[in-house]
Amino acid sequence: MEPPSTLMWTLLLVSQHYDRRSQYDIALDKIDEAILHTPTVIDLYSIKGNILQHAGNFSAAAALADEARSMDLADRYLNSECVMQMLQADQVGLAEKTAVLFTKDGDQHNNLHDMQCMWYELASGESYFRQGDLGRALKNFLAVEKHYTDMTEDQFDFHSYCLRKMTLRAYVSMLKFQDRLHAHEYFHKAAAGAIRCYMKLHDSPLKSSAEENDELSKLPAAQRKKLRQKQKKAEARAKREAEEKQEDETTSTNSSKSGKKQQARPVDLDPHGEKLVQVEDPLAEATKYLKLLQNNSSDSLETHILSFELNMRKQKVLLAFQAVKQLIKLDENNPDSHRSLIRFFHRINNLPAPGTDSEKLIWNVLEAERPDLRQLHGKSLVEVNINFLEKHNASLTHRAAAAEMMYLLEPDKKLQAIKLIEDSTNNTASGNGVLGPIKEWGIQDCIDVHKLLDTVFADQDVANRWKVRCAEYFPCSTYFEGVKSAITAHIPGSTSESSPENGDVPSPQAKLEGDTHSLNGTVHVVDDLSNLSMR
């Protein structure tokens, strides 16, 4: 005789299976059935949140993760999962309030930096980047880079120690670790994020104070006076907040709960990264991190894509060509490799005839290297693009890349390029069809195509048509505004609503105090987070 929970766990496993197959409707039905069967199992809400995240409904996924967290506020793992989902949904304010529930007393936000909580800083940086806040994005990305700098400096304490104690095996292991330190995934993400921020600052530079003063001078006197008064009030408020924060830091040096003194932390003079974006040469700053990626992550496509984009902006022709060759060597069939190849030689073909000796030398190098690229053997760029399309005609991402390059090479064929994308077919993937058909298109690929139609082709009507079409494939997606995007946050058997982005988050301490039961007249309350159990 099987226990009643067997059905619930079976439904959980089946829902994860359909989620892995990208059959999100069936997965949601199965997990809802499991929740109705046993609504007190925390894992069910976490799994449903993951399904909703994969289906494109990040806000509903965050609400489910918060529901799971609230069912066991002493679980640090659930808290971290909830924070990650909130950051994915760009709910940074609520994510920060949730994250600091498990930090120490004092300056809680800085405590996340002191603990080198890099996954949080990376997710925050990506969220701020999506929202266009480059200052805060850079602040988080560079914070991760600082952690690796600290690791490099900390190694010097161990050289003499290991040799003196004759722990040679550990010493060799540490030296090998330092050799591959900057090849770590977190550093790669942080450096790539910082490079993207600096390139965006180069493409859309911030207005200088002189330009702002010129714009102010064009305004009417009354409006100009009003704006200046508002700026002065904002500066005074920021100064007052910094002073209050410094006072709090000073008082935090008093005895803590354990009776130990806490060292006052230095006040962050640039909490929002406003000074970080005020760089004279963003591309020079980006080059510093690109060199680290090239030295430590040379086998990554993203490294050479960033190298190509950066050197094209710097007009470093040979370095950009080197990046193109590396991309083709790593994966010549990748859509970004094809884009880089076509964009580079299209740019070269449109350059004026070389005049200086250095320009002639660069031209001779390119002419000598070009025959080594078999894609260009006796073919024009248009023919290269056509061959690429014929080879990957069934792939949406490859068709989008070919259409974009068609529009670049022949701007008069814009309508043909758009038609090339719209004629793409979302075929059923090959495999066992017993469990239902699986479509080939991924949600992120469809989002990228929509952004391409909206920005590069700049055709709002076509972009809207694509959005409506993809809403049928991904009904839970909030980006495409699918029919189920507004209702999938519902929790079966629950009437609670999801928390607002900047709402209050109950602490584990408060929740435990509220849920404590009396036993023989004694109330057991956990009063120290350090004693809470962790998964």
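The values are calculated or read from the model by the stated rules, or taken from the named source; none is laboratory data. Treat the numbers as computed from the prediction; the structure is a model and nothing was measured. Backbone-built Cβ (ideal geometry, glycine too); neighbour counts: all protein chains shown. Note: accessible area is taken over every heavy atom of the protein model, side chains too, but ligands, DNA and RNA are not part of it. Shrake-Rupley method; radii C 1.70, N 1.55, O 1.52, S 1.80 Å.
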Exercise. Would you be able to say whether some residue in the range 479-487 is open to solvent by less than 40 Å² (accessible area, probe 1.4 Å), at pLDDT below 90 and assigned to a loop (DSSP other than H, G, I, E, B)?
Key: yes
Practice problem: Kindly indicate whether Thr516 is modelled with pLDDT under 60 and open to solvent by less than 60 Å² (accessible area, probe 1.4 Å). | Solution: yes
Quiz item: Of the numbered conditions (1) at pLDDT 90 or above; (2) of a type in the set (Gly, Ala, Ser); (3) more than 24 Å from Leu290 (Cα to Cα), Ser337 satisfies every one except a single condition; which is it?
Solution: (3)
Quiz item: If you check Ser160 against the conditions, is it of a type in the set (S, T, N, Q), closer than 29 Å to Ser46 by Cβ and open to solvent by 20 Å² or more (accessible area, probe 1.4 Å)?
Solution: no
Quiz item: Is at least one residue of the range 431-440 within 29 Å of the chain's Cα centre (by Cα) and in a helix (DSSP H, G or I)?
Solution: no
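Tell me, yes or no, whether the range 369-387 has at least one residue that is open to solvent by 90 Å² or more (accessible area, probe 1.4 Å), modelled with pLDDT under 90, on the phi < 0 side of the Ramachandran plot and not in a loop (DSSP other than H, G, I, E, B).
yes
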Exercise. Among the candidates Leu318, Leu330, single out the residue that is modelled with pLDDT under 95 and under 27 Å from Asp445 (Cα atoms).
Key: Leu330
Self-check item: Residues that are open to solvent by 50 Å² or more (accessible area, probe 1.4 Å), assigned to a helix (DSSP H, G or I) and either closer than 17 Å to Ala194 by Cα or free of Cβ contacts under 8 Å to residues at least 40 places away in the same chain (or both), drawn from the range 297-343
Solution: Glu302, Arg313, Lys314, Leu319, Gln322, Gln326, Lys329, Leu330, Asp331
Quiz item: Taking the stated definitions as given, is Leu12 touching a residue at least 60 places away in the same chain (Cβ under 8 Å), open to solvent by 10 Å² or more (accessible area, probe 1.4 Å) and among the aliphatic types (A, V, I, L, M)?
Solution: no
Exercise. Kindly check whether there is at least one residue in the range 87-110 that is acidic (Asp, Glu), crowded, with 20+ Cβ neighbours inside 10 Å and out of contact with any strand residue (DSSP E or B) (no Cβ under 9 Å at 6 or more places or on another chain).
Key: yes
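Please go through the range 389-418 and pick out each residue that is among the charged types (D, E, K, R) and open to solvent by 30 Å² or more (accessible area, probe 1.4 Å). It would help to see each step written out before you state the result.
Residues of the range 389-418 that are among the charged types (D, E, K, R), as a first pass: 390-391, 399, 404, 410, 412-414.
Hits for the range 389-418 are Glu390, Lys391, Glu404, Glu410, Asp412, Lys413, Lys414.
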Quiz item: Taking into account only those residues within the range 32-43 that are in a helix (DSSP H, G or I) and among the aliphatic types (A, V, I, L, M), which is most open to solvent (accessible area, probe 1.4 Å)?
Solution: Leu36
Quiz prompt | Only one of Gly125, Gly135 that is surrounded by 16 or more Cβ atoms within 10 Å (Cβ to Cβ) and farther than 27 Å from Ala68 by Cα | solution = Gly135
Practice problem: Among the candidates Ser59, Ser46, Ser70, single out the residue that is touching a residue at least 60 places away in the same chain (Cβ under 8 Å), over 20 Å from the mean Cα position of the chain (by Cα) and open to solvent by 30 Å² or more (accessible area, probe 1.4 Å). | Solution: Ser70
Quiz item: Between a first residue in the range 354-378 that is more than 13 Å from Phe321 (Cβ to Cβ) and a second residue that is open to solvent by less than 50 Å² (accessible area, probe 1.4 Å) and of a type outside the set (Phe, Trp, Tyr), which pairs have beta carbons less than 6 Å apart while being 6 or more apart in sequence or on different chains?
Solution: Lys360/Pro354; Gln375/Val384
Quiz item: Just for the range 120-158: of the residues that are without any contact (Cβ under 8 Å) to a residue 12 or more places away in the chain and not acidic (Asp, Glu), which one is farthest from Ala191 (Cα to Cα)?
Solution: Phe156
